[in-house]
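Note sheet for the following structure.
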Amino acid sequence: MRILIIEDERPAAEALREFLLSRGDQAEVAESGAQGIEKFNQDSFDVVLLDWKLPDMIGDEVFRELKRINPLALVIFITAFAMVERAVKVLKEGAFYYMTKPIELDQLDHLLKEAEEKINLRREVEVLREVLGEKYTFENFVAKSKKMQEVLSLAVRAASSNATILITGESGTGKERIARIIHHASPRSKGPFIAVNLAAIPETLIESELFGAERGAYTGADRSRPGKFELASGGTLFLDEISEIPPAIQVKLLRVLQERELQRLGSSRTIRVDVRIISATNKNLQELVEKGEFRSDLYYRLNVIEIKLPPLRERREEIPELVGLFIKKFSAYNGKEIKGITREALDALMKYSFPGNIRELENMIERAVILTRGQYIGLEDLPPHIFHKKPGGGSLQERLHQEERRIIREALEESGWNQSEAARRLGISESTLRYRMKILGLNKSKKGRSA
């Protein structure tokens with residue numbers, strides 16, 4: 001890694017530089033905040049070791065300037081014990097970590113390894129973006145959390161192979177989206193991507209859907225037709241809800257995976273297929289294997305590479321960005337101009353567990369965009385169960401406050417948050433309006449709080 005040391009004490013700076021060189025890093029030293037900013041602006045560095053107390057500037061001032069130049073900069077503060085409280089504060093602003101003097105080299109080594117891992121994940125995600133290019137819309141895929149960056153890192157490495165991939169995770173986490181990303185980043189991207197939801201196909205039709213059927217193979221088969229394997233040849237076949245495949249079909253699927261050939265229903269002719277299999281499930285296939293409900297040999301064939309998608313409650317930091325994307329999407333679709341979401345509404349979403357994951361969040365925002373009367377989605381636009389209430393539930397006072405909040409917020413928005421004008425429209429005094437705003441938690445700072 002390339003590391004910039006901003007430290008005015010020359011012996012300390014040289015000791016750090018020697019240690020970094022021994023690790024195989026490249027290291028440069030700046031002896032003031034201004035010199036450090038200049039070097040950082042002129043060259044590319046992965047990590048900055050920043051002393052808090054410099055002769056010309058305070059560390060947080062330098063930090064904010066570095067972040068302005070490059071928001072992805074990983075900054076580790078070096079501070080005296082007395083400054084720890086201030087150092088902790090900048091962690092909330094995006095600093096990577098802080099260390100107190102004297103520096104423990106083992107701890108620094110550990111932090112740098114963590115930083116390197118984060119940088120590698122970030123680079124692999126960027127590689128995936130470059131590989132996809134214009135072939136696939138990547139911009140609406142949110143991966144801010146470390147867990148999702150690890151998912152994309154694994155996708156980058158898996159995409160270039162022909163190995164079968166099993167994507168696991170709860171319903172609504174985006175398993176098909178990951179499968180499509182892998183396909184479009186693979187050498188098979190020019191071939192077809194065929195998705196099959198096995199849970200949506202009647203059991204009696206799964207065999208013909210997958211492997212095709214000849215004319216007269218079953219009642220109603222008035223012509224020969226290829227199955228999904230043939231249609232996906234040269235590309236990728238995505239088998240969603242793989243746990244729902246019947247035992248008799250599991251045997252035939254295993255043969256196709258092993259031999260890369262199949263026979264249509266009602267035919268003895270062998271057809272060669274060249275297809276990459278990605279399957280997905282929201283169930284624990286290992287448990288099904290132990291219960292005898294899923295073939296172990298098929299499970300191991302499908303699970304050469306497993307990608308586990310975390311639920312939304314384990315990557316809550318992505319909720320604000322997802323909310324913003326969905327507001328933009330459904331505002332355009334419904335011909336409405338929704339500018340964002342209030343802080344209190346976003347706070348409620350951040351605290352909700354989302355058993356339906358991203359799909360549930362998307363449905364909530366679509367509903368809110370359609371129902372809201374203002375330019376910002378508020379608490380009253382979200383489903384009642386977000387607050388652990390049944391529709392129409394809660395005390396009369398709570399329901400009254402919710403309706404009052406909606407009416408007052410609508411008046412404020414229509415008057416451009418001019419309280420005198422809003423009070424006039426509501427037919428109340430301005431002092432009464434201010435009092436009710438305070439009671440209901442409405443204030444001007446929330447009007448533009450969007451996600």
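Nothing in this text is a laboratory measurement; each read-out follows from the coordinates by a stated rule. From a predicted model like this one, the values you see are computed outputs, not experimental measurements. Cβ coordinates were reconstructed from backbone atoms using ideal geometry, including for glycine residues, and neighbour counts include every protein chain displayed.
Quick one, which of (1) 4, 17, 22, 22, 21, 12, 3, 0; (2) 4, 16, 19, 19, 19, 14, 7, 2, 0; (3) 4, 21, 32, 28, 12, 2, 0 is the actual P(r) over Cα pairs in 10 Å bins from 0, in percent calculated for this model?
The listed entry that was calculated here is (2).
Rank the residues MET148, MET350 as a footprinting-exposure proxy: fewest other Cβ atoms within 10 Å of their Cβ go first.
Ordered by Cβ neighbours within 10 Å, fewest first: MET350, MET148.
Fewest Cβ neighbours within 10 Å first, please rank TRP52, TRP417 accordingly.
TRP417, TRP52
Based on the Cβ-Cβ distance of GLN42 and LEU257, what FRET efficiency does E = 1/(1 + (r/R0)^6) give at R0 = 45 Å, to the nearest 0.05?
0.25
Starting from the Cα of THR270, step 7 Å toward the Cβ, then list every residue of the stretch 223-256 with an amide N under 14 Å from that point.
Residues passing the 14 Å test: 255-256.
In degrees, nearest 10, range 0 to 90: what is the angle between the Cα axis of helix 247-259 and the longest Cα principal axis of the chain?
80
Nearest 0.05, what FRET efficiency do ILE58 and ALA163 give at R0 = 51 Å with Cβ-Cβ as r?
With R0 = 51 Å, the Cβ-Cβ based efficiency is 0.45.
Sorted from fewest to most neighbouring beta carbons within 10 Å, what does the list LYS308, LYS190 look like?
LYS190, LYS308
Assuming a ≥ b ≥ c are the square roots of the Cα gyration tensor eigenvalues, decide whether the stretch 146-308 counts as rounded (a/c under 1.5), prolate (otherwise, with a/b larger than b/c) or oblate.
prolate
With each run of n ≥ 4 DSSP H residues scored as -39500 (n - 2.57), what mean residue ellipticity at 222 nm is computed for the chain after dividing by its residue count and rounding to the nearest 500 deg cm²/dmol?
Roughly -14500 deg cm²/dmol at 222 nm, from the helical runs in the chain.
What is the distance, in nm, between label points placed 7 Å from the Cα along the Cα-to-Cβ direction at ALA221 and at ARG316?
Going by the 7 Å Cα→Cβ label model, 5.4 nm.
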